[in-house]
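The values are calculated or read from the model by the stated rules, or taken from the named source; none is laboratory data. As the structure is a prediction and not an experimental result, all values here were calculated from the model. All Cβ positions, glycine included, derive from the backbone under ideal geometry; neighbour counts span all protein chains shown.
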């Protein structure tokens, strides 16, 4: 039969690119830039989609060194759908690390925004970690299912 007909809910793997409008979580995150010795954090508007995390730079000059902001790309897309992406809370109550097969991205939840207390910062951080973890788990299962089907069809 036609693989594209039928229920909308079941066949999520057929749709490779998620619709841009479908954002699961949005907020402001700081991304660590410039290596381990750097203390530079760049502010991004973060949007979590079913297959990716999109970061749009604010390009503010208030980073202290205005010359560096011009080299920061306006938007960064981190793909979560390759099946080996994970998220961790290594230390602190405001940071988390997103690990892909190519990179590690260290994020921090900014305190000066609407978050008043450390508790609400940790709640926001945990919400990001949970949302990203759920997506990573989903894609891990999808990739395992696809690999199993592929192995069976080749045997």
Check: Cβ-Cβ below 7 Å, separation at least six or inter-chain, first residue in segment 114-129 and surrounded by fewer than 13 Cβ atoms within 10 Å (Cβ to Cβ), second at pLDDT below 95: which pairs?
Finding: 118/93
Margin query: Would you confirm, using the coordinates I've provided, whether residue 114 is at pLDDT below 95, assigned to a helix (DSSP H, G or I) and at negative phi?
Written below: no
Margin query: Which count do you get for residues in segment 11-48 that are out of contact with any strand residue (DSSP E or B) (no Cβ under 9 Å at 6 or more places or on another chain) and at pLDDT 80 or above?
Written below: 1
